[in-house]
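Scroll down for the structure; my scribbles are underneath it.
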């Protein structure tokens with residue numbers, strides 16, 4: 001008997017660079033490895049409570065990321081990711097570079113996949129250098145991986161250089177990754193510094209807050225994201241707190257640390273690898289909180305689902321749906337008032353639920369995921385009447401408790417909804433937008449919920465007893481940040497509510513009315529009273545009456561200017577506001593150009609008038625998630641679903657993604673394809689192909705409000721709807737390939753505006 005050498009070609013590492021990881025995902029893979037390199041510490045005595053989150057006292061532990069400028073020498077420059085963690089010895093270094101090897105504990109560590117490092121580095125550039133050393137080492141170990149050189153040499157063997165530490169380096173420790181010969185187009189999005197910092201703050205917010213690690217991107221410290229929630233000590237209806245803490249242990253199970261498989265407690269050996277020497281007992285535990293955001297939003301609500309400190313799904317809304325006994329998906333929140341606006345948010349750590357290879361989703365078909373959903377939202381509906389109708393017992397889950405206490409959008413203390421002086425709820429008003437923006441800009445005076453609470457109780461204050469909730473000693477009062485120093489000039493600014501005088505011909509525009517302020521003009525606010533004509537027209541479409549810091553803006557929606565152009569009332573208001581600011585400050589146009597003022601106002605108060613690349617990406621991601629969720633159900637209703645109708649390339653891509661996860665055995669892949677279980681692994685292009693062949697999957701009266709079936713499929717109106725939808729999808733597909741490569745060229749800008757319009761059209765179909 002003879003043996004054969006099945007060592008793969010070195011070309012395999014280069015091929016890893018073809019796997020569809022975005023540049024941001026690649027950076028996250030390298031950050032994950034750095035985070036894993038820091039020793040666990042006791043943080044319990046070194047934390048500050050802030051906004052329902054524990055903030056670790058800042059440490060000297062840091063991760064630094066450097067991105068080269070997009071100049072002519074871009075390819076010769078390098079990306080550097082460096083940490084001051086504990087470093088690696090030569091054996092650990094060797095193992096970390098092996099494709100497919102992972103010594104990480106996949107339950108407690110971020111680096112879940114041994115391929116992650118190889119994929120990330122290969123995707124970013126042709127050459128990678130690794131430098132690592134421990135505090136006690138006298139040397140720095142260095143390994144270089146050049147994919148072109150590997151192909152020429154024909155083997156995987158790499159030399160380890162041993163570099164003696166200089167005198168000033170004796171106590172240094174950590175790992176530095178240097179990636180050069182960069183893929184310019186792939187790396188280009190990493191130059192969008194503010195966007196990347198924002199994404200990093202969201203992705204790693206919880207672990208950065210917990211450990212106090214400094215994440216430095218291009219010499220700027222990443223600010224960990226925090227939700228704008230009410231102080232968790234406040235309570236409302238039925239004495240339900242505004243923040244519900246969750247710490248639930250489902251059970252303790254055997255776990256194989258070799259192949260990352262949960263076992264039955266009766267198992268003696270791992271059913272996957274057949275080994276028994278690497279089994280351990282682990283808790284399946286859900287930890288975190290769900291609660292009330294201080295504002296309602298059409299998109300910014302939902303739960304952040306976290307694995308080992310990293311947000312895998314941001315603002316996940318899947319738990320707001322209940323699937324009935326027939327497999328029908330029912331939306332349960334939000335369903336009251338403004339039915340598109342929600343405020344339930346949360347952070348839930350589910351380390352025991354497996355994630356996809358790209359760490360962008362959880363395996364929602366697993367038992368672990370189903371157990372998690374059962375704990376958070378219960379088995380049955382969260383709506384009491386619906387639960388009764390379907391013969392379920394009262395739902396006492398955390399989400400049901402929160403829902404039944406705070407589903408209402410009616411103004412008042414019981415619901416934690418601010419009110420106007422006329423008693424109506426403050427929902428879309430500019431004062432709420434202003435407070436929200438100031439919170440996310442980390443203005444000290446707006447971090448606590450005191451100013452928001454004032455909006456709730458101001459109309460009720462004369463009737464409040466001496467022990468009212470405004471007292472800092474009561475259950476519903478108090479300042480959670482009393483131990484945090486710092487003030488803001490904006491604390492002295494009192495925003496007054498609009499005192500609207502009734503006019504039979506006009507009605508108050510609650511969206512446009514309010515107080516406006518921007519950073520260009522410090523401590524200057526202009527109050528707008530916006531009135532909408534109930535009927536009739538006007539030659540200009542609007543009138544404006546400036547009175548110092550008061551601007552009275554009236555408009556006629558039926559006027560020609562709105563019918564014959566794409567202008568909206570807010571476009572005209574922004575223009576008048578810009579000039580009003582200029583008139584009320586001692587600045588000249590050179591210091592504060594009107595165009596810059598207009599842009600600042602649009603960005604802060606009307607972002608939909610000029611959506612940023614990030615916002616378009618987020619809309620597309622939400623669309624893709626919604627389509628996937630819907631197709632998981634709708635495909636089951638199609639008899640004899642034929643996946644062969646998809647292109648060969650699409651099928652190969654799906655099979656490749658499924659194979660990478662190792663969650664579906666090879667012999668079951670074909671069955672998964674035929675029964676539609678592949679949806680989670682499909683990209684938008686594949687989803688559009690499915691829709692093209694089976695239009696009724698989306699035009700079913702549920703996802704899109706129009707219903708297309710075999711009887712009306714050939715009708716002109718149906719054909720036109722399908723055709724228009726496909727055109728809109730094509731625009732969005734174009735954006736996925738070209739959107740993150742902005743250009744000043746008219747073609748790119750023109751197509752980008754089409755994408756914005758296409759998203760609006762598809763949303764209008766719903």
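The values are calculated or read from the model by the stated rules, or taken from the named source; none is laboratory data. Values in this document were obtained by computation on a predicted structure and should not be read as measured data. Counting neighbours? That spans all protein chains shown, and the Cβs are built from the backbone with ideal geometry, glycine included.
Given 316, 298, which one is under 20 Å from the mean Cα position of the chain (by Cα) and without any contact (Cβ under 8 Å) to a residue 24 or more places away in the chain?
Criteria check complete, one pass: 316.
Checking the conditions here, which among 293, 370, 379 is assigned to a loop (DSSP other than H, G, I, E, B) and not assigned by TED's automatic domain parsing to the domain that holds residue 631?
The unique qualifying residue is 379.
Go over the candidates 690, 717 one by one and state the one that is assigned to a helix (DSSP H, G or I), at pLDDT 85 or above, out of contact with any helix residue (DSSP H, G or I) (no Cβ under 6 Å at 6 or more places or on another chain) and surrounded by 18 or more Cβ atoms within 10 Å (Cβ to Cβ).
The match here is 690.
Please list, ordered by first then second residue, the pairs with beta carbon atoms under 8 Å, 6 or more apart or interchain, first in the stretch 615-628 and without any contact (Cβ under 8 Å) to a residue 12 or more places away in the chain, second in a helix (DSSP H, G or I) and surrounded by fewer than 18 Cβ atoms within 10 Å (Cβ to Cβ).
Close Cβ pairs satisfying both conditions: 615/607.
Filter the stretch 186-222 down to the residues that are more than 30 Å from residue 738 (Cβ to Cβ) and touching a helix residue (DSSP H, G or I) at 6+ places or on another chain (Cβ under 9 Å), then identify the one that is modelled with the lowest pLDDT.
This residue is 211.
One line per residue, one yes/no per condition, for (1) surrounded by fewer than 18 Cβ atoms within 10 Å (Cβ to Cβ); (2) in contact (Cβ under 8 Å) with a residue 24 or more places away in the chain:
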site: 204; (1), (2): no, yes
site: 251; (1), (2): yes, yes
site: 278; (1), (2): yes, no
site: 290; (1), (2): no, yes
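Being at pLDDT below 75 and in contact with a helix residue (DSSP H, G or I) (Cβ under 7 Å, 6 or more places away or on another chain) narrows it down to one of 85, 154, 116, so name that one.
Every option except 116 fails the conditions.
Kindly provide the set of residues from the stretch 31-43 that are modelled with pLDDT under 90 and touching a strand residue (DSSP E or B) at 6+ places or on another chain (Cβ under 9 Å), ordered by number.
Of everything in the stretch 31-43, those that are modelled with pLDDT under 90 and touching a strand residue (DSSP E or B) at 6+ places or on another chain (Cβ under 9 Å) turn out to be 32, 33, 34, 35, 37, 38, 41, 43.
Can you name every residue in the stretch 431-452 that is in a helix (DSSP H, G or I) and free of Cβ contacts under 8 Å to residues at least 60 places away in the same chain?
Scanning the stretch 431-452 gives 438, 444, 445, 446, 450, 451.
Output the residues belonging to the stretch 744-766 that are surrounded by 11 or more Cβ atoms within 10 Å (Cβ to Cβ) and without any contact (Cβ under 8 Å) to a residue 40 or more places away in the chain.
748, 749, 751, 753, 754, 757, 758, 760, 761, 763
So, residue 416, is that one over 20 Å from the mean Cα position of the chain (by Cα), surrounded by 19 or more Cβ atoms within 10 Å (Cβ to Cβ) and assigned by TED's automatic domain parsing to the domain that holds residue 335 or not?
It is false that residue 416 is over 20 Å from the mean Cα position of the chain (by Cα), surrounded by 19 or more Cβ atoms within 10 Å (Cβ to Cβ) and assigned by TED's automatic domain parsing to the domain that holds residue 335.
Looking at residue 350, is it at pLDDT 85 or above, over 22 Å from residue 291 (Cα atoms) and touching a strand residue (DSSP E or B) at 6+ places or on another chain (Cβ under 7 Å)?
The answer is no for residue 350.
Can you tell me which of (1) crowded, with 20+ Cβ neighbours inside 10 Å; (2) more than 24 Å from the chain's Cα centre (by Cα); (3) on the phi < 0 side of the Ramachandran plot; (4) modelled with pLDDT of 85 or more is the one residue 124 doesn't meet?
With (1) crowded, with 20+ Cβ neighbours inside 10 Å; (2) more than 24 Å from the chain's Cα centre (by Cα); (3) on the phi < 0 side of the Ramachandran plot; (4) modelled with pLDDT of 85 or more applied to residue 124, the lone miss is (2).
Among the numbered criteria (1) over 22 Å from the mean Cα position of the chain (by Cα); (2) at pLDDT 90 or above; (3) assigned to a loop (DSSP other than H, G, I, E, B), which single criterion is violated by residue 274?
(2)
Do the conditions hold for residue 393, that is, is it surrounded by fewer than 17 Cβ atoms within 10 Å (Cβ to Cβ) and under 27 Å from residue 606 (Cβ atoms)?
When the stated conditions are applied, residue 393 does not pass them.
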